[in-house]
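Engineer: One structure coming up, written as structure tokens, with questions to follow.
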Amino acid sequence: MAAPAPALTELHFGDSRLFRELLGNHDEHVKGLERQLGVRIGVGDGTLALEGDAVETELTARVLGQLYGLLEEGYPIYPADVDYALRILASDRTAKLRDIFLDAVFISAHKHTITPKSVNQKAYIDAIRNTDIVFGIGPAGTGKTYLAMAMAVAELMKNSFTRIVLTRPAVEAGEKLGFLPGDLAEKVNPYLRPLYDALHDMVDFERARRMLERGTIEVAPLAFMRGRTLNDSFVILDEAQNTTGEQMKMFLTRLGYGSKAVITGDVTQVDLPAGKPSGLKEAQAILRGVVGISFVTFTERDVVRHPLVQEIITAYDRAER
């Protein structure tokens with residue numbers, strides 16, 4: 001049986017400057033699509049000639065057309081954006097990149113516009129906007145904590161909340177931690193370092209220091225939350241898979257008037273002692289379906305780190321199955 005003839009498609013672009021941006025430096029954007037989809041892309045004067053499998057050719061045309069639409073809106077395209085666009089449209093041909101990429105969450109201290117990069121990240125941002133308790137569950141590198149932090153800082157700047165509280169459990173707060181030098185704050189600081197790193201990516205160092213000194217932003221281990229009521233606060237609980245059921249209930253019941261909580265974690269990376277159930281897993285079972293609480297689940301498709309991270313997560317999932 002003869003192989004089907006390759007599909008041929010020609011795309012035309014009216015703005016020469018935007019067309020060059022679409023191609024990327026040394027045509028790296030179209031070359032990346034060629035490698036990933038096996039479609040030949042011929043570059044002409046404001047035109048692209050696509051040749052290959054009909055399904056892949058149609059997907060390539062959809063990606064290039066929507067990326068050009070983003071450029072028309074003033075959104076700069078980087079090689080990573082081409083990868084994110086392909087990932088989004090390969091899983092959902094009806095997705096609209098402009099609805100995702102143009103949803104600016106916050107402009108960081110480094111003048112970098114933080115936006116969602118996948119359908120699930122967009123759903124996560126919308127859930128944080130619309131509900132007071134949001135669980136973001138999924139593997140590392142999917143932007144769970146980073147996007148929550150960006151939303152928190154953006155809302156603080158708009159005076160929607162009076163403070164941000166960032167917390168995570170110090171899993172080894174017992175025997176092992178006791179062997180570290182220093183007082184309690186110094187002992188738990190290594191556990192909180194990722195939260196400081198994300199904060200300093202959002203806000204310049206001096207401004208962050210002043211906010212921390214005034215208590216406008218508080219970074220503390222989960223144990224410090226006991227007995228408190230958090231009013232008018234945007235609260236983020238990170239690494240929630242390492243809470244016990246009692247700790248999770250304690251944290252959720254700290255929420256006061258005018259507050260919002262985002263709980264993030266990866267249920268496949270529990271570091272609790274054997275036989276100790278994860279509070280995050282329990283919360284999934286107990287709270288799913290409660291009105292006013294949203295659950296957003298991320299997968300390896302949402303990873304926004306080095307492309308190999310997605311492959312590593314997939315390989316480990318396959319091995320565990």
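The values are calculated or read from the model by the stated rules, or taken from the named source; none is laboratory data. The shown structure was predicted, so the numbers you read here are calculated from the model rather than taken from an experiment. Every residue, glycine among them, receives a Cβ derived from its backbone with ideal geometry; neighbour counts consider all protein chains shown. SASA here: full protein model, heavy atoms, side chains in, ligands and nucleic acids out. Shrake-Rupley method; radii C 1.70, N 1.55, O 1.52, S 1.80 Å.
Engineer: In region 282-291, how many residues are surrounded by 13 or more Cβ atoms within 10 Å (Cβ to Cβ) and outside any helix (DSSP H, G or I)?
Structural biologist: Residues that pass the stated criteria total 0.
Engineer: What's the total number of residues in region 21-43 that are assigned to a helix (DSSP H, G or I) and of a type in the set (A, V, I, L, M, F, W, C)? Can you show your working first?
Structural biologist: Quick first cut of region 21-43, residues assigned to a helix (DSSP H, G or I) only: 21-23, 25-37.
Checking the rest, the ones that are also of a type in the set (A, V, I, L, M, F, W, C) come to 22-23, 30, 33, 37.
So the answer is 5.
Engineer: A further question follows. Among the residues in region 119-134, are any modelled with pLDDT under 90, open to solvent by 20 Å² or more (accessible area, probe 1.4 Å) and in contact with a Phe, Trp or Tyr (Cβ under 7 Å, 6 or more places away or on another chain)?
Structural biologist: From region 119-134, those modelled with pLDDT under 90 are none; that's our starting set.
No - not one qualifying residue is present in region 119-134.
Engineer: Return the pair list, or none, for Cβ contacts closer than 8 Å from residues in region 39-55 that are more than 15 Å from L22 (Cβ to Cβ) to residues that are open to solvent by less than 10 Å² (accessible area, probe 1.4 Å) and in a helix (DSSP H, G or I), at least 6 apart or on different chains.
Structural biologist: Between residues of region 39-55 that are more than 15 Å from L22 (Cβ to Cβ) and residues that are open to solvent by less than 10 Å² (accessible area, probe 1.4 Å) and in a helix (DSSP H, G or I), the close pairs are V39/L33; V39/T57; V39/T60; E51/T57; G52/T60.
Engineer: Report, ordered by the first and then the second residue, all pairs with beta carbons closer than 7 Å, sequence separation of six or more or different chains, a first member in region 101-125 that is touching a residue at least 60 places away in the same chain (Cβ under 8 Å), and a second member that is open to solvent by 60 Å² or more (accessible area, probe 1.4 Å) and not in a strand (DSSP E or B).
Structural biologist: Close Cβ pairs satisfying both conditions: A109/D204; S118/R301.
Engineer: Right, another one. So which residues in region 269-281 are open to solvent by 70 Å² or more (accessible area, probe 1.4 Å) and within 17 Å of T297 (Cα to Cα), if there are any at all?
Structural biologist: Correct list: Q269, K281.
Engineer: Continuing with the same structure: Specify which of the listed residues (R20, R62) is free of Cβ contacts under 8 Å to residues at least 12 places away in the same chain and surrounded by fewer than 19 Cβ atoms within 10 Å (Cβ to Cβ).
Structural biologist: Working: R62 fails: free of Cβ contacts under 8 Å to residues at least 12 places away in the same chain.
Answer to the check: R20.
Engineer: Looking only at region 58-86, which residues are touching an Asp or Glu at 6+ places or on another chain (Cβ under 7 Å) and modelled with pLDDT of 95 or more?
Structural biologist: Step one: filter region 58-86 for residues touching an Asp or Glu at 6+ places or on another chain (Cβ under 7 Å), giving 71, 77, 79.
Across region 58-86, the qualifying residue is only L71.
Engineer: Inside region 46-90, can you point out the residues that are out of contact with any Leu (no Cβ under 9 Å at 6 or more places or on another chain), closer than 16 Å to S118 by Cβ and either among the small types (G, A, S) or assigned to a helix (DSSP H, G or I) (or both)?
Structural biologist: Matches in region 46-90: A80, D83, R87.
Engineer: Considering region 139-159 alone, what residues qualify as being assigned to a loop (DSSP other than H, G, I, E, B) and touching a residue at least 12 places away in the same chain (Cβ under 8 Å)? Quick ask: steps written out before the conclusion?
Structural biologist: If we filter region 139-159 for residues that are assigned to a loop (DSSP other than H, G, I, E, B), which is where we start, we get 139-143, 158-159.
Correct list: P139, A140, G141, T142, G143.
Engineer: Evaluate the following for G46: is it farther than 22 Å from I100 by Cβ and open to solvent by less than 60 Å² (accessible area, probe 1.4 Å)? So that I can check it myself, show each step before the final result.
Structural biologist: On the way: farther than 22 Å from I100 by Cβ: yes; open to solvent by less than 60 Å² (accessible area, probe 1.4 Å): yes.
Criteria met by G46.
Engineer: Scan region 296-309 and tell me whether some residue there is in contact with a strand residue (DSSP E or B) (Cβ under 8 Å, 6 or more places away or on another chain) and surrounded by 18 or more Cβ atoms within 10 Å (Cβ to Cβ). I'd like the intermediate steps shown before the answer.
Structural biologist: Initially, region 296-309 is screened for residues in contact with a strand residue (DSSP E or B) (Cβ under 8 Å, 6 or more places away or on another chain), giving 296-298.
Keeping just the survivors that are surrounded by 18 or more Cβ atoms within 10 Å (Cβ to Cβ) gives 296, 298.
Within region 296-309 (the criterion being in contact with a strand residue (DSSP E or B) (Cβ under 8 Å, 6 or more places away or on another chain) and surrounded by 18 or more Cβ atoms within 10 Å (Cβ to Cβ)), the answer is yes, since at least one residue qualifies.
Engineer: Would you mind telling me which numbered condition in (1) β-branched (V, I, T); (2) touching a strand residue (DSSP E or B) at 6+ places or on another chain (Cβ under 8 Å); (3) over 26 Å from T216 (Cβ atoms) V82 fails?
Structural biologist: All conditions are met except number (2).
Yes/no per residue for (1) within 21 Å of I114 (Cβ to Cβ); (2) modelled with pLDDT of 90 or more; (3) out of contact with any strand residue (DSSP E or B) (no Cβ under 9 Å at 6 or more places or on another chain); (4) not hydrophobic (A, V, I, L, M, F, W, C):
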| residue | (1), (2), (3), (4) |
| --- | --- |
| P194 | yes, no, no, yes |
| E218 | no, yes, no, yes |
| K249 | no, yes, yes, yes |
| G258 | no, yes, no, yes |
| P277 | no, yes, yes, yes |
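Engineer: Related question: Select, from I263, I313, the only residue that is part of a strand (DSSP E or B) and in contact with a helix residue (DSSP H, G or I) (Cβ under 7 Å, 6 or more places away or on another chain). Can you show your working first?
Structural biologist: Details: I313 fails: part of a strand (DSSP E or B).
Within the list I263, I313, the selection yields I263.
Engineer: Follow-up question, since we're still on this one. Within region 253-268, how many residues turn out to be surrounded by fewer than 18 Cβ atoms within 10 Å (Cβ to Cβ) and aliphatic (A, V, I, L, M)? Break it down into steps so the answer makes sense when it comes.
Structural biologist: Kept after step one, since they are surrounded by fewer than 18 Cβ atoms within 10 Å (Cβ to Cβ), are these residues of region 253-268: 253, 255-258, 267-268.
Then drop every residue that is not aliphatic (A, V, I, L, M), which leaves 255, 267.
Adding up the residues that qualify gives 2.
Engineer: Sort out which residues of region 202-230 are buried (at least 18 other Cβ atoms within 10 Å of the Cβ) and within 13 Å of A109 (Cβ to Cβ), and write them in order of number.
Structural biologist: Within region 202-230, M202, V203, A208, M211 qualify.
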